[in-house]
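Heads up, the thing below is written out as structure tokens.
The values are calculated or read from the model by the stated rules, or taken from the named source; none is laboratory data. Small disclaimer: the values here were computed from a predicted structure and weren't measured. Quick reminder, even Gly has a Cβ in these numbers, built from the backbone with ideal geometry, and neighbours come from all protein chains shown. Surface accessibility is based on the protein's heavy atoms, side chains included, excluding ligands, DNA and RNA. Shrake-Rupley method; radii C 1.70, N 1.55, O 1.52, S 1.80 Å.
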Amino acid sequence: MLDRKEAQELAERYLAERSKAWFHDVRLILEECFVDGDRFIGPYNSVGFLDHGDEMARLAGNYPVLVDLRTGECDLITEADLNDLRERGLF
């Protein structure tokens, strides 16, 4: 089972690879990351917004990164996952 730090590193690598074709550099919002059971959930946004408050660089509709703590697999959460987290007051 991965610990939070290992999961965070995997999420950061996943985001770095996935975002190569995007228009903005992105970064996890570490203070908003959390573990839910056997999943690490990592919200992110653009560096321009996070570091400089640039509203034009703010991302909308971006689903957090999910890391399976058992396998290390990474993906973006699904809409169903997001709705579940919201219903439980976690997001």
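The Rg/Rh ratio for region 24-91, using Cα coordinates for both the radius of gyration and the Kirkwood hydrodynamic radius, is 0.99. Applying a DSSP loop filter and a limit of 15 other Cβ atoms within 10 Å to the trypsin sites (Lys or Arg not before Pro) in region 1-60 leaves ARG58. Once C-alpha pairs closer than 8 Å and six or more residues apart are averaged by separation and normalised to the residue number of the chain, the relative contact order reads 27 percent. At a 1.4 Å probe radius, carbon and sulfur cover how many percent of the accessible area of the chain? Carbon plus sulfur share of accessible area: 49 percent.
Annotation for region 53-91: GluC sites (Glu not before Pro) lying in DSSP loop with at most 11 further Cβ atoms inside 10 Å of their Cβ are GLU73. Counting only the Cα atoms, region 1-59 fills a convex hull of 78 Å³ per residue. Residues within the reach of a label modelled at GLU55 (point 7 angstrom out along Cα to beta-carbon, backbone nitrogen below 20 Å), restricted to region 27-46, are 45-46. Build a GNM of the chain with springs between Cα atoms under 10 Å apart, and of PHE49, PHE34, PHE23 the one that fluctuates most is PHE23. Note that the chain presents 63 Å² accessible area per residue, ligands and nucleic acids not counted, probe 1.4 Å. Return one number: the angle in degrees, 0 to 90 and rounded to the nearest 10, between the long axis of the Cα atoms of helix 4-18 and the longest principal axis of the Cα atoms of the chain. It works out to around 50 degrees.
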